[in-house]
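A short worksheet on the structure shown next.
Every number in this text was worked out from the coordinates using simple rules, so none of it is lab data. Note that this is a predicted model, so its numbers are computed, not measured. All Cβ positions, glycine included, derive from the backbone under ideal geometry; neighbour counts span all protein chains shown.
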């Protein structure tokens with residue numbers, strides 16, 4: 001076999017060892033995509049139609065039946081934040097978690113806060129109407145206020161480079177303005193959230209991150225459809 | 001003093017602060033314990049955990065850490081003796097997955113089974129059973145989630161054993177029976193027999209009284 005053919009064959013083997021079951025723009029999928037890409041890891045993308053999930057996905061994730069699932073050497077990894085920690089432990093280049101244990105704990109805390117509090121509260125503000133929406137917006141902004149304060153003196157949550165918390169909040173950078181446009185409310189403004197808005201720009205412009213950026217028009221269409229479904233169920237108050 | 005550098009803010013009924021106590025005990029770490037009155041939280045707690053204002057909070061060298069599973073990982077990284085998480089990254093990922101499954105799926109279903117009535121309770125009990133059965137599969141036939149000795153998931157999930165026994169008495173429903181969940185059932189028994197685990201448990205009769213009162217309060221509030 002020629003050396004170039006050997007390289008290709010090896011690449012195929014390496015690629016075959018790592019598969020990512022995904023959709024094109026899920027917040028939880030993208031954080032895994034970004035982590036793999038930042039570390040320069042080769043992998044196969046397996047796109048799932050969530051209305052018609054593949055038997056492989058259901059076999060790899062029978063408990064939650066969700067994406068992302070990362071399959072490494074035939075072994076499935078589930079839950080995006082768990083996957084990120086695994087990726088960081090196996091591939092040591094471009095670390096996404098700091099070395100210091102208390103900084104690691106802080107990063108894990110904010111990543112969890114994002115998923116437990118920020119995302120649900122913003123989703124709530126997106127799907128509610130009338131007085132319920134007003135209250136939901138207040139809660140969302142309180143949560144975003146906590147996040148804003150974490151950026152004091154830093155370009156990224158991780159400092160000079162992108163880390164776990166940046167990847168965990170990455171969905172904010174591509175979805176927040178989409179939500180605002182679709183439901184006609186402003187969640188963050190320059191007066192109260194200057195650092196967050198700057199972070200959004202820095203993250204969106206970052207090399208590698210921007211190469212897997214979901215097209216905005218597709219997001220608008222998608223979330224417009226969600227918004228119609230949810231707001232037709234809720235009676236305005 | 002070594003004890004000065006580690007402080008745990010907790011509450012005697014909280015399973016979340018119990019998890020941290022177990023981890024500290026397992027590793028033989030000296031610490032100062034501060035009991036928080038959750039109806040009247042101390043300025044110290046509010047300062048250390050302004051985001052959630054909850055216990056447990058571990059303070060190490062004046063640095064506060066919150067969220068029980070995150071605290072467990074921190075303890076494991078700083079004090080290397082008697083490791084909680086396995087060495088192999090895939091096994092670590094499985095452990096993190098199961099600990100999260102307990103919090104995301106088992107706990108809410110158990111809470112609902114405890115606090116609801118009638119059909120809602122029936123549905124919650126069914127869901128709790130299903131989720132506990134799934135948790136049982138995580139044991140993979142081992143004695144403990146950690147293998148021959150306890151580890152991360154055992155500490156994250158073991159408190160459910162006590163809780164389920166007590167709430168089972170109160171609501172009259174056996175949530176973990178030896179017939180349908182033999183492995184989980186014997187896991188709970190074995191876990192609760194471990195001396196350091198037993199030593200950290202709150203007084204069981206006092207806890208039962210507390211949970212009975214809580215149950216009455218919840219049902220009264222629900223029917224008004």
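Report the calculated FRET efficiency for residue A:44 and residue A:229 (r = Cβ-Cβ distance, R0 = 41 Å), to the nearest 0.05.
Numbers: r = 32 Å, r/R0 = 0.79.
So, using R0 = 41 Å, E works out to roughly 0.80.
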Q) Averaged over all directions, how much area does the convex hull of the C-alpha atoms of segment B:119-224 cover when projected, in nm²? A) 7.3
Q: Compute the acute angle (0 to 90°) between the alpha-carbon long axis of helix A:101-113 and the principal axis of greatest extent of the alpha-carbon atoms of chain A; round to the nearest 10°.
A: 60
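Dividing the Cα radius of gyration by the Kirkwood radius, what Rg/Rh value follows for segment B:1-111? Can you show the working numbers first?
Numbers: Rg = 14.4 Å, Rh = 14.8 Å.
Rg divided by Rh gives 0.97.
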Q.
How tilted is helix A:194-205 with respect to the longest principal axis of chain A? Cα atoms for both, answer in degrees (0 to 90, nearest 10).
A. 30
**Q.** Kirkwood Rh, Cα atoms: Rg over Rh of chain A
**A.** 1.00
(Q) Considering all alpha-carbon pairs of the protein assembly as shown, what whole percent are spaced by more than 39 angstrom? (A) 26
Q. Summing -39500 (n - 2.57) over the DSSP H runs of n ≥ 4 in chain B and dividing by its residue number, what mean residue ellipticity at 222 nm do you reach, to the nearest 500 deg cm²/dmol?
A. -18000 deg cm²/dmol
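Taking the inverse of the average 1/r across all pairs of different Cα atoms in segment B:36-170, what Kirkwood radius in Å do you get?
On the way: mean 1/r = 0.0596 Å⁻¹.
Over segment B:36-170, the inverse of the mean reciprocal pair distance is 16.8 Å.
Kirkwood hydrodynamic radius (Cα pairs, Å) of segment A:138-229? Working shown, then result.
On the way: mean 1/r = 0.0717 Å⁻¹.
For segment A:138-229, inverting the mean 1/r across all distinct Cα pairs yields 13.9 Å.
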Q: Taking the Cα atoms of segment B:34-80, report the difference between the largest and smallest coordinate on each principal axis, in whole Å and largest first.
A: 36, 19, 19
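May I ask for the percentage of alpha-carbon pairs in segment A:51-186 that lie more than 19 Å from each other?
On the way: 5470 of 9180 pairs.
Taking all Cα-Cα pairs of segment A:51-186, the fraction more than 19 Å apart is 60 percent.
So between residue A:103 and residue A:181, what do we pick up on full extension, going 0.36 nm a residue minus the alpha carbon distance?
Working: separation 78, 0.36 × 78 = 28.08 nm, distance 3.55 nm.
Using 0.36 nm per residue and subtracting the Cα-Cα distance, I get 24.5 nm.
Determine one quarter of the surface area of the Cα convex hull of segment A:103-183, which equals its mean projected area, and express it in nm² to one decimal. Before the final figure, lay out each step's value.
Values: hull surface 20.8 nm².
In nm², the orientation-averaged hull projection of segment A:103-183 is 5.2.
With the Cα gyration tensor of segment A:89-133 in hand, give its eigenvalues times 5 under a square root as the equivalent ellipsoid semi-axes, listed largest first in whole angstrom. If you can, show how the numbers build up before the last one.
Working: eigenvalues 231, 26, 6 Å².
Values for segment A:89-133, descending: 34, 11, 6 Å.
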(Q) Could you work out the relative contact order of segment B:1-120? I mean the mean sequence separation of Cα pairs under 8 Å and 6+ apart, divided by the number of residues, in percent. (A) 24
Q) Once the Cα gyration tensor of segment B:48-103 is found, what semi-axes does its equivalent ellipsoid get, as square roots of 5 times the eigenvalues, in whole Å, sorted largest first? A) 23, 15, 7
